[in-house]
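Worksheet for the structure shown next.
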Amino acid sequence: MAISPPQPANLKTITVLDVPIHQIDMATALAQIDGFIRSGQPHHVVTADASMLVIAHEDAELKRIVQTADLVTPDGAGLIWASKRLKQPLNERVSGVALVEKLCSLSPATGYRLFFLGAAPQVAERAAERMNSKYPGALVVGARDGFFQQEDVPAIIERIKSARPDVLCIALGIPKQEKFIAQYKAALGVPVLIGVGGTFDVLSGNLKRAPLWMQRLSLEWLWRLLQNPSKISKVKLLPRFVQLVRQHHK
Ligand code: UDP
């Protein structure tokens, strides 16, 4: 008999700046997502990093969306630092890039169908092609870029629905992707909707991930900054995150 995964309500959370983050590793996140897919009902998965928590601190709508998401994974060195300060250490980051790639790698065996929505023209398409060829039999069944007008949304929803994905990965940046998911998840009816930020830029090969030694030293942010100096606005949120955590969690 198949053992059903624990429901998110049973997972422990750590609350950072009023936002509950699930204390999970990659394997548990994948088990949860598998349960969401089996349920057939829409579920919102958030990969939360320090920049998201700072933005949510000033954006009540985003904060409410993350607080009511079905699964919130810990992403980024900032959150690992905060968890240690709160004496509830998180063991592992579960980033959007790692989660999407894992789901692609499991797709041939599980039959998971994925759709990539977001990033500049051709980037999501290239990411889909690369995943399908890296994992033969993987079912990334559709892709489209994230630069569209409001009037295009109904056609985009129809296109996604006709591809029948189990997992919709949305890369429109924070907080646009989270608000898009909250607004359209019922209309889309996809079991798992994940906001994945810059994931397609990495999976398409446009941006390289940091070397392992840098990832181990939690310096991936520095690598990203060196590759893409426009990311400075995001990096600037880190000291603000540290300041807010110090104020709120004495
Ligand atoms: N993006 C998009 N449509 C928009 C704005 C942004 O598709 O209207 C894409 C952008 O090309 C990039 C991603 O959203 O691929 C945001 O990545 P980033 O790492 O900057 O996002 P974060 O998660 O840090 O907000």
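Here are the numbers:
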read-out: Residue match in segment 28-44 (condition: within 15 Å of the ligand (Cβ to nearest atom), of a type in the set (A, V, I, L, M, F, W, C) and in contact (Cβ under 8 Å) with a residue 24 or more places away in the chain); value: no
read-out: Criterion violated by residue 201 - all others in (1) under 15 Å from the mean Cα position of the chain (by Cα); (2) in a helix (DSSP H, G or I); (3) in contact (Cβ under 8 Å) with a residue 40 or more places away in the chain; (4) under 19 Å from residue 69 (Cβ atoms) satisfied; value: (4)
read-out: Residue ranges of strands (runs of 3 or more DSSP E) in segment 1-104 with at least 3 members more than 27 Å from residue 127 (Cα to Cα); value: 13-16, 19-22
read-out: Flag if residue 222 is under 19 Å from residue 49 (Cα atoms), more than 14 Å from the ligand (Cβ to nearest atom) and of a type outside the set (Gly, Ala, Ser); value: yes
read-out: Qualifying residue in segment 110-122 (condition: part of a helix (DSSP H, G or I), open to solvent by 50 Å² or more (accessible area, probe 1.4 Å) and either within 16 Å of the ligand (Cβ to nearest atom) or closer than 20 Å to residue 29 by Cα (or both)); value: yes
read-out: Any hit, segment 193-210, residues being surrounded by 22 or more Cβ atoms within 10 Å (Cβ to Cβ), under 21 Å from residue 138 (Cβ atoms) and away from the ligand (no atom under 11 Å from the Cβ); value: yes
read-out: Tally of residues being part of a helix (DSSP H, G or I), of a type in the set (A, V, I, L, M) and away from the ligand (no atom under 15 Å from the Cβ) across segment 168-192; value: 4
read-out: Qualifying residue in segment 154-165 (condition: part of a helix (DSSP H, G or I), within 27 Å of residue 56 (Cα to Cα) and more than 13 Å from the ligand (Cβ to nearest atom)); value: yes
read-out: Inter-residue pairs, beta-carbon under 7 Å, first surrounded by fewer than 17 Cβ atoms within 10 Å (Cβ to Cβ) and in segment 79-101, second part of a helix (DSSP H, G or I) and of a type in the set (Val, Ile, Thr), 6+ apart; value: 85/245
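The values are calculated or read from the model by the stated rules, or taken from the named source; none is laboratory data. On a predicted model such as this, the values are computed, not experimentally measured, just so you know. Every residue, glycine among them, receives a Cβ derived from its backbone with ideal geometry; neighbour counts consider all protein chains shown. Side chains are part of the model used for accessible areas, which takes the heavy atoms of the whole protein and leaves out ligands, DNA and RNA. Shrake-Rupley method; radii C 1.70, N 1.55, O 1.52, S 1.80 Å.
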